[in-house]
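First comes the structure, then the notes that go with it.
The values are calculated or read from the model by the stated rules, or taken from the named source; none is laboratory data. Remember, predicted model here, so these are calculated numbers, not experimental data. No Cβ is skipped: glycine too gets one built from the backbone with ideal geometry, and neighbour counts run over all protein chains shown.
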Amino acid sequence: MTTISIEAVNAPPLRRHRRLPDKWAWLLMAVVAGILLVWEAAVSWLHLVPESFLPPPTAVAAAFVELLGRPDFWQAFVFSLQNLAIGLVLAVIVGVIVGLAVGWSPVLRFTVAPFLWLLYSTPKVALAPLFILVLGLGNESKIALVFLLAVFPIILNTMEGAVTVNASLVNAARVYNVNGVALGWKVIFPATLPYSLAGIQRGVALGFTGEVLGEFLGGAGGLGHLLEFAAYQFEMAEAIAMVFVMVIVANLLLALISALRKRLAPWYDDRQVMYGA
Amino acid sequence: MTTTTIERPEPGASAPLISVRNLTVSYNVARTGKTLTAIEGVDLDVREGEFVTVLGPSGCGKTTFMNVIAGLVKPTSGEVLVDGRPVTGPGPDRAVVFQDYALLPWRTVFDNVKFGLEMQSRLKGDGWRDRVQEAVELVGLKGFESSYPRELSGGMQQRVGLARAIVAEPRILLMDEPLGAVDALTREVMRDEIEKLIAATGKTVLFITHSIEEAILLGDRIVVFKSHPGAIKEVIETGLERPRSERSVQSEPRFLELRDHLWEALQHEATAAARVAGS
């Protein structure tokens, strides 16, 4: 190689990381505070709704704090999250591998993909009683439900990503005689990753639904079971507090995947779609 | 006007580095069930160290032509020889620079350039780091090693593409409209830079373009393609002195003569292509 050097002419365009402006955060908080206030007023002060049906936010908050101090709550919490984690890990592994294979191989795409879409559109919730019947009231039926609900969005998103991998990226690898597994690992998989993560995000949300549903329909434990129990005893404050716990858990999981997506696929920016870049 | 037709190696002369013999490529179009001939009966010899520009209207099969030489597309009939051996697939003696850069967005500039060595399993030992660094500096990207492609302008991204191609020290550089997606000002600058770089490294280059000026400014020879089906219309020696800093060359009578000639040839092609497309 020689010593001739070329001057760089253009400075790189700086891309600023846009954050939510403070005033929007304040607005959001004001809206939430407003809703809570109306709720409290409607129940406690104006007595528009009987407290036994809809307890006021203060009662729910008290039940929430009480809940956090109960060992049986934490037992249920661990039970649910454990099943969810196992089901999701299985769904991610199977979903990404199957999605890549089906997306990348034209043969599989034509033979397998139609069945995947068919299964995706089947209301799997309807199969829940069957799962409980076959796999019992324990962990297995819950894990199976989480897996079943989570795996399809992961498969289909990954498949979509693998199909749309930029052809010239593939050619860039092919000119170095890279094919098969090496091509998949070095190019197809990383190029598809943002799509897979979007699928995983949807899978997590659906999987959580699957877990709670399983516990509802035939549970020996878990947050869904606890919720059902509270509702039967007409402990509405506790039941609503449980729902809040679930909302918080689900959103924390979604935020985790979002952070993961920013970390693992910083080049992928959905705004780019709008600009056509 | 000196119009050289296909050059046959004279007895005793050194064999050409790239030799294209009666090359035809046709595709089956699944939708219509018809066969589409992309290029037909192409013959071309390229000497070692020669800079050949391939000029033609869109859809004349010039990219297909390059892809066959790169080993990405199999010929339907005819053959391509590189250094006397038939091309059966991609190889380390050839590297490609793509129009849309084809950089891996999840890799830094350094790692994208490294890709050129990595994919040929040439990362053994310690020497590769220096070679990658050398290639990065050669294209003027020193200081941007850990930047990501999305943080760079189009011109800079194509420098990365260029560095990735030359890092593996191929004998032949295949460039598919490398400046086609770069803005006009950067294109002018990079044209000069590419000429300098190639002069310094002595590589054999096949450079595809649809810019007449680019074809003249860079090429030792210009191969003009016609479309429907894609075939060589003529091959012209530019006969311009090197180095060609743009300002001096663009006022030379020879440059103007070539430009007029090519413009006329291409205008005819472009109108013909438009008629076919419109029919």
### Message
For a quick check of your reading: which helices (runs of 4 or more DSSP H) sit entirely within segment A:142-249 and have at least 3 residues that are farther than 25 Å from A:Leu264 by Cβ and at pLDDT below 90?
### Response
A:189-217, A:223-232
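So that you can scan it fast, the table gives a plain yes or no per residue for (1) of a type in the set (A, V, I, L, M); (2) at the interface with chain A (Cβ under 7 Å from one of its Cβ atoms); (3) in contact (Cβ under 8 Å) with a residue 12 or more places away in the chain:
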residue: B:Thr64; (1), (2), (3): no, no, yes
residue: B:Ala70; (1), (2), (3): yes, yes, yes
residue: B:Val73; (1), (2), (3): yes, no, yes
residue: B:Thr76; (1), (2), (3): no, no, yes
residue: B:Phe98; (1), (2), (3): no, yes, yes
residue: B:Gln120; (1), (2), (3): no, yes, yes
residue: B:Arg129; (1), (2), (3): no, no, no
residue: B:Leu138; (1), (2), (3): yes, yes, yes
## Note on the structure
Over segment A:196-253, the set of residues of a type in the set (Ser, Thr, Tyr) and within 17 Å of the chain's Cα centre (by Cα) is A:Ser196, A:Thr209
### Task
Restrict the check to segment B:115-135 and report whether at least one residue is within 16 Å of B:Ile172 (Cα to Cα) and assigned to a strand (DSSP E or B).
no
### Message
Take the residues in segment B:175-222 that are away from chain A (no Cβ under 14 Å) and part of a loop (DSSP other than H, G, I, E, B); name whichever of them is surrounded by the most Cβ atoms within 10 Å (Cβ to Cβ).
### Response
B:Gly219
#### Entry: Only one of B:Val113, B:Val54, B:Val109, B:Val87 that is crowded, with 17+ Cβ neighbours inside 10 Å, in contact with a Leu (Cβ under 9 Å, 6 or more places away or on another chain) and in contact (Cβ under 8 Å) with a residue 60 or more places away in the chain
B:Val54
### Message
Could you tell me how many of the residues in segment B:170-188 are in contact with an Asp or Glu (Cβ under 9 Å, 6 or more places away or on another chain) and more than 19 Å from A:Ala172 (Cα to Cα)?
### Response
2
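With the requirement that a residue be of a type in the set (D, E, K, R) and assigned to a loop (DSSP other than H, G, I, E, B), what does segment B:33-71 give you?
B:Lys34, B:Arg47, B:Glu48, B:Glu50
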### Message
Just checking, does segment A:119-127 include any residue being outside any helix (DSSP H, G or I) and more than 30 Å from B:Leu174 (Cα to Cα)?
### Response
yes
### Message
Going through A:Ala173, A:Ala144 one at a time, which residue ends up being closer than 21 Å to A:Tyr195 by Cβ, buried (at least 18 other Cβ atoms within 10 Å of the Cβ) and either free of Cβ contacts under 8 Å to residues at least 40 places away in the same chain or under 18 Å from the mean Cα position of the chain (by Cα) (or both)?
### Response
A:Ala173
### Message
For segment A:194-204, check the following and say yes or no: at least one residue is within 14 Å of chain B (Cβ to nearest Cβ), crowded, with 21+ Cβ neighbours inside 10 Å, of a type in the set (A, V, I, L, M) and within 19 Å of B:Leu103 (Cβ to Cβ).
### Response
no
### Message
So for segment A:106-122 (the condition being among the β-branched types (Val, Ile, Thr) and under 25 Å from A:Leu217 (Cα atoms)), does at least one residue qualify?
### Response
yes
#### Entry: Set B:Val73, B:Val80, B:Val132: member being assigned by TED's automatic domain parsing to the domain that holds B:Gly180, more than 15 Å from the chain's Cα centre (by Cα) and crowded, with 21+ Cβ neighbours inside 10 Å
B:Val80
### Task
Evaluate segment A:167-185: report whether one residue or more is small (Gly, Ala, Ser), more than 13 Å from chain B (Cβ to nearest Cβ) and at negative phi.
yes
